[in-house]
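Peer 1: A single structure is presented below for examination.
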Amino acid sequence: MATITTERKLARCKISLMRNKKFALMSGLLMVGTTSIVDGLPTARTNGRDEEYGRAFVDGMSELEVSFVIMHECFHKMYQHLTTWRKLYEIDRDLANQACDYVINLELKELDPAEQFIAMPRDKAGKNVGLIDTKFRGMNTKQVWDILRKQQEQDGGNKGGESGLDDHDWEGANALGKEEKEALAKEIDQAIREGIANDKKMNGDKAGDLARRLGLLMEPKVNWREVLRDWVKNTARGRDTSTWRKPNRRFLHEDVIMPTMVSTKMGSIVVAVDTSGSIGDKEMADFLSEVKGIADEVAPERVELLYWDSRVAGHETYEGGAVEMITQSTKPKGGGGTSPSCVSTYLRDKAIVPECIVVLTDGVVAGDWGSEWTAPILWCIIDNTSAVPTHGLAVHITKE
């Protein structure tokens with residue numbers, strides 16, 4: 001039997017993936033950019049648009065392993081890793097590479113755990129070539145990067161293992177011109193939409209995890225500051241009432257007595273800030289600045305500011321003019337795990353019944369969204385579109 005060429009092997013794997021019901025969603029992305037075989041390239045790489053594969057690398061793998069690497073490169077393109085996380089690369093290239101790969105490899109492994117269609121490449125000893133760790137399940141690249149960075153500091157600067165599965169062409173991605181980058185973003189957007197349409201044709205309306213993830217990527221971005229302000233003001237609305245004790249002056253000249261609308265002062269607002277470690281100083285400063293602006297508009301009697309992780313580690317109360325100093329005087333506390341139920345329990349135990357509750361969190365809560373909340377609740381979730389609270393309303397915040 002004649003040996004197929006490297007180019008033919010790669011093309012056959014791509015075609016097989018596009019025809020596979022499990023990976024129908026990726027059909028459009030598999031066609032984005034060019035695909036090349038490069039002599040001397042140790043593994044594979046992408047600049048976020050084009051894919052390159054080392055000849056010896058492809059020749060040394062089974063077709064299931066080649067298919068895994070192809071999907072790996074496709075996921076880099078889908079998430080636009082090389083533009084979204086360039087700041088991480090500028091701080092530490094190796095950690096940025098590792099963080100991206102930890103996210104992708106775990107997702108791919110869980111898409112096909114029996115390895116019927118894709119299989120992570122293994123060395124001669126049977127060890128995975130790519131990085132994978134279940135402790136990163138549900139995390140995004142920045143969250144994984146933060147953990148790796150902390151671990152690096154604890155290990156005295158040791159960067160840990162290299163990916164081994166591919167390289168990331170950060171320089172090539174940055175070299176794309178402005179028009180090329182804009183065109184690429186549109187092409188990826190269109191490819192994802194085509195993939196979703198193709199998936200419906202092949203699998204009906206039964207959406208799997210990958211379909212839901214792609215659907216989230218297609219959700220329109222919203223201005224979280226506007227959502228936060230509007231939600232709090234709308235929650236406060238309805239406390240306006242009318243009184244006949246003070247006639248409405250606008251109608252007195254017509255000898256008509258009408259009541260005046262008066263605003264009842266809003267009670268208290270609870271602001272609960274997750275201090276588990278993934279929310280940085282900038283995000284917290286921006287958030288508290290918005291809280292101060294909201295307090296100026298709706299004039300609550302109090303702002304109850306809670307800092308929490310697996311417990312409520314700090315509770316500060318601001319009343320009247322003290323709200324003006326909230327960003328300067330606050331002292332965040334905490335740094336452990338993430339358990340929103342500690343907040344709902346704390347509010348019940350302390351008999352705190354506010355007008356509304358606003359929670360800032362990374363959403364990595366392992367399904368624990370608290371229970372028996374004492375007021376309407378808005379979750380402001382940072383960099384974790386997969387987080388879906390079981391109570392209240394959520395607005396997703398992307399770090400700038």
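Peer 1: Taking each pair of distinct Cα atoms in the range 6-217 once, what is the resulting Kirkwood hydrodynamic radius in Å?
Peer 2: 17.6
Peer 1: Now for a different question. Give me the number: length gained by fully extending Arg137 to Arg86, i.e. 0.36 nm times residue separation minus the C-alpha to C-alpha distance, one decimal in nm.
Peer 2: Additional length available on full extension: 16.1 nm.
Peer 1: Past 29 Å, Cα to Cα: identify those pairs from Lys87/Lys178; Lys124/Lys181; Lys14/Lys150, in the order given.
Peer 2: Over 29 Å Cα-Cα: Lys124/Lys181; Lys14/Lys150.
Peer 1: Provide the percentage of antiparallel DSSP beta bridges, counting only those with both residues in the range 6-217; round to the nearest 5.
Peer 2: Here the share of antiparallel DSSP bridges comes out near 40 percent.
Just so you know, all these numbers are worked out from the coordinates, no wet-lab data involved. A quick note: this is a predicted structure, and the numbers were derived from the prediction, not measured.
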